[in-house]
Structures are given as C-alpha cells and as structure tokens.
Amino acid sequence: KGSAREPRAEQIDGFHGERKEATRDPGDAPASIDKMETEIARTRMQFDRLERPLDKYMFLMALQDRDETLFYRFVMDNVTEMMPFIYTPTVGEACQKYGHIMQRSRGMYVSIEDKGSVESIIKEWPAKQVDVVVVTDGERILGLGDLGTFGMGIPVGKLNLYTACAGIHPSKCLPVTIDVGTNTKSLIEDPLYTGLKKPRVRDDEYDAFVDEVLMGLHNKYPGILIQFEDFGNLNAFRLLDKYRGKICTFNDDVQGTASVALGGLIEAVRIKGTRIKDETFVFMGAGEAGTGIADLIVAQMVAEGLSVEEARGKCFLVDSKGLVVKSRLSELQHHKLNYAHEHEPVKSLLEVLKSIKPTGIIGVSAQPKVFDKAIVSLMAEMNERPIIFPLSNPTHLAECTAEEAYTWTKGNALFASGSPFDPVVVDGKTHVPGQGNNAYIFPGIGLGVVVAGVKHVTDDMMRIAARALADEVTPADVDVNCLYPPLSKIRDVSRKIAEAVAEEAYARNLATIPKPADLGAAVKAAMYTPGYDSLLPASVQLDSPGLRTIRNPEHNCGMMFSALGRQALGIRGMLPPAS
C-alpha cells in the first residue's frame, strides 16, 4: 500500500451539505467553500494577476494537480482564452524549460533502459481502463527540435485538449514519453534535465523498443487509440505506416495537421467559388506536416474527380535545397518522392512562385518571416483571393503574421495560421484570422473512435473530419474573413466530427461497438462535463486527517506519486529516469 495526496480524491471542497460533511477531513477546508461558481471566481482572480504566459501555464498545471475538476471547468468556460496557455504557443516555452518548472510528474515515462521489461511495467500501471494515449519520443517538439523528456508537455497538453474540447474523461487519458536519449547537447549538460543523458538510440534497437511499448499498451488496453506526437521525420512516417494496420493509431503531425489545413482550404475555396481540384499549392517545408497536408489534398482532389497523378501535379514542395524535382531523386527522403516533378531546379521560393504560379502557399517550414512582402505581394498580383497559410508554430516561427498577410494583399488574403493572431483592420474592414489549430480535429477523432470502438483510423476519416469542420463555419464567420468556427464552439465542432468519424467507421465495418439508434445522442452522452458531483470513488478511504490511502490505484492514474511513494507501491514508469 502507498499513500498520496491524489487530485481526483482531493476534489471535495465544492461539495454541499451532507456530502461535504461525509467526505471532508476535520478542519481541511473553510466552511464557506462550497460552490463551483465561488471557486471559478477565485481562480479567475488569481489567474488574472499573472502577466507572463509561462506563469499562467504553471498556474493552470498546478490547478490541475490540486483540483482537476475545477481546472477543466475553468478551461471549458474560457476555452478561447485558455487555449494559448495550455497548448501552443505557451507549451513550447514550457517544454524548453520543463525540468525547471515541473512541480509534479504526470504520465508514463518508459526508458530504453527498461528494454525487455516494458510489458511488466505497463501491466503494473494502475489504470484499468485507458481510451486514449498520446505518445512522443521528444525528437521534434513543435518547431523546437529535440527536447527529449522535456517534450512530455506535449502529450500532457494534447490530452488536456482531448478532455476540454471533446469530453474524453481525464481518467481515461494517458500521456507517454519514450526516452531513448537526446542529441541536444545543452540538455545533456543541464543538471535539471529529466531524461537519459546520452545520444539517441537508433535503428533496430529503437524499433524493437518502440514496438515493446506500443504493443504493450495495445495488449493491456485492447482497442486503445494511440496518437503519435512529435516524432522526428526519420521515424514518424515509418511508424505510422508500420502500425496503422495493426492498432488504432494516427499521427497528429502528419494527419491531424493535414485535416485541419484541409478544413480551412475547403472553406477558402467555398468563398472563392471554386473546388480544391481547381487550386495549385506550393508548400514551404517538406517534412511531416507538408507532405501530410499534400497527401490529404490529393485525396480530396481524387474524391472530386482527378486522378492521383493529376492531383499530385498540383502540389509542389520546397525544402531546404529548393523545389523538390525529379533530378534530385537520389537525395530525397522517401516521403518526398511522390512530389518530385519534372521541372528545372529552382532554389528560391520567390522564383518557385513565379514559375509555378500557385493559388495558395502553405508554410510548414518553421522559418520565421519566409513569407515576406515580396512573396505575399506576388501572390496578390497573381490571385484575386490568394490563399496564405503560415502554419508553423509557436508564434515566433510563423512564416508571416496575419497583419502582414492582410496588409500586403489589401485585405484579400484567405488566411489561416498555426498560432493565434489578433484581428486586423484594413481599410476599415475587420479581418479575424482563423487558427488552423489541430485541436479542431484530433479531439473529435478520438471521441468518435471511443464511441464506435473504431479498429483503425483511416485517411478518409481525416478527410471527412475536415469537411465536418468546414461545415461548422457560419456566414458570420465568413463576414470577418475567418476560415474556421470560433474556438468557443469547439465542443460542438468535436461532437460533429465524432459523429462523422463514427458514421464512416460503421459504413466501412471498422466499428466494434454496435451502432446506437441515435448516434448523435450517444456521442453527446459520452462527453465528460466537469462538476463536483460524485467525484469520490468508493476506493478512497479517510485514514487520518489530511491523508487518504488509495486502495485502488486506478483512481490515481500514476500521476501524483513522489519517487518514494512510487517505490512503496512498486509501480514503475511514473517518473522520468532522472527525477
């Protein structure tokens, strides 16, 4: 047995009357703390006193640690305001400093030094049911590079959004970091780095270890959705191709980014009065996001009547060496080969645009300001309504800002970005830039998977999710030039996407749960709404004032134990190796 202060067990302050008296320790809370509204007001006051985004992030994570119900209620009630603090752009800075600001460990850490015993570690994990895992090896965190175990902030943040945006119950979410070392010298030299201080393991040893982790999770929690997150280009495509037919999985950097981008493009062409197949796109960046978006655009063009070859001929990639062309085949990575066209080599993006004359440019390069005035002005010269999507994040890595895009195109740009920007006024007209945030897509995908018991996540599901997202854009959104619905509607958007994904699963015989008579009602009923009712499980016993013994560690989800407490329970994987 082990003892711990457990956040879900601790959330008793908001109980009323007899419930409160039955569950509280003597003297553990003031008598007047008894309403969610009071706690929300107190939280708002404390939050507003903070100025730095990182301080707001740390405040919210501490709130989640001590009162998860209040945390989710506060985030859901203020989702548009809170999104930049619990995820991009602030999570980028948080990950860079993760070992310096970490207050309590959250999620599962599995180290290459655990090789051969991963199955037993996972078997010991206390949660009896997990529906969604987000897993990273920390090699390509946002546009920031190899952050190793400091990258745990990404799975934690993504799962916060699964709950806040789609109602996946937090007890059924599990963030996982696979620690195979880091190639970032500054982390290895950092005394507060939480991971293995040695170079990354590669090749067969890496593959065998990742397989041990993924299949261990799949075997303990059959039907679990495993989302790949921020793996490097070397592994991201290989792992997706290897496992997408074996387990229920998708890669959010490849497929989720593609789906949210396609959703914005579908709305953009609606405004133009064209179709996706009528457009030509140049991608600045040819990594996971760039080729993922191109692949889904091709799938949409094929659905609209083009052949695969015709569709690929409308998508052009630019990497660090210039336009991806056939004369470079010997040097190209596998994922770029389908977009190596017959064309003379071109080095600069400006010359590529002059040659290709695209209708849209999509930035996924993490090169700030690469869409400069010359680039954007040329797009405006060639197109009445140029499509300009600088999707790199965090904000300081965006290819251009909303103000630059709207100003340089005289307000004619059809714009979406990866990070949030404030509204822009050009010639008296207000433009509200849409954020192509993956949070529009992956939570709804996950909810649909859970409700229908989906066997595999397909590319068609991603395309259907993009269409469902675009269908939620209203005339009021279009009036302010916004290509996405407001984030304040994100739970409704997630519900619609979940329904569409589940319908596709039933149509393709990919569902394992019988179809309910009213699918929409079933999806809505599956969505967690935070409240102070019925929070305490029967397994929590009050042994002494201020101390609760967790009889059933399922309710702890391995999140809150100190190293000593972890050892006492005999449960491994709860802390990074260097904690």
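The values are calculated or read from the model by the stated rules, or taken from the named source; none is laboratory data. Keep in mind that what you see is a predicted model, and the values were worked out from it rather than measured. Reconstructed Cβ throughout: ideal geometry from the backbone, glycine too, with neighbour counts over all protein chains shown. To get the accessible areas, we keep the full protein, side chains included, count just its heavy atoms, and leave off ligands, DNA and RNA. Shrake-Rupley method; radii C 1.70, N 1.55, O 1.52, S 1.80 Å.
Things worth noting here:
- DSSP-loop GluC sites (Glu not before Pro) across region 359-401, with at most 16 other Cβ within 10 angstrom: Glu384
- Crossing angle, helix 373-382 versus the chain [Cα axis fit, 0-90 degrees, rounded to tens]: 60 degrees
- Label-to-label distance for Glu51 and Lys128 is 5.1 nm, based on points extended 7 Å past Cα in the beta-carbon direction.
- His343 accessible area, assembled protein chains, probe 1.4 Å, Å²: 40 Å²
- Residue (of Leu397, Gly436, Gly411) at the positive-pole extreme of region 303-447, dipole from beta-carbon charges: Leu397
- CD proxy at 222 nm, helix term only [per DSSP H run n ≥ 4: -39500 (n - 2.57); per residue of the chain; nearest 500]: -12000 deg cm²/dmol
- Filtered trypsin sites (Lys or Arg not before Pro), region 288-384: DSSP coil and at most 13 other beta carbons within 10 Å: Lys321, Lys347
- Its Cα centre serving as origin, region 208-272 has a Cβ charge dipole (Lys and Arg +1, Asp and Glu -1) of approximately 280 debye.
- Of all DSSP bridge pairs formed entirely within the chain, close to 25 percent run antiparallel.
- Crossing angle, helix 203-220 versus the chain [Cα axis fit, 0-90 degrees, rounded to tens]: 50 degrees
- Label assignment, Rg/Rh (Cα atoms, Kirkwood Rh) derived from the structure, set [x] 1.06; [y] 0.97; [z] 1.02: [y]
- Distant-in-sequence amide H partners of Cys248 (H built 1.01 Å from N, under 5 Å): Ile226
- Farthest positive-ward along region 79-176 dipole, Cα basis, beta-carbon charges - from Gly151, Gly167, Phe85: Gly167
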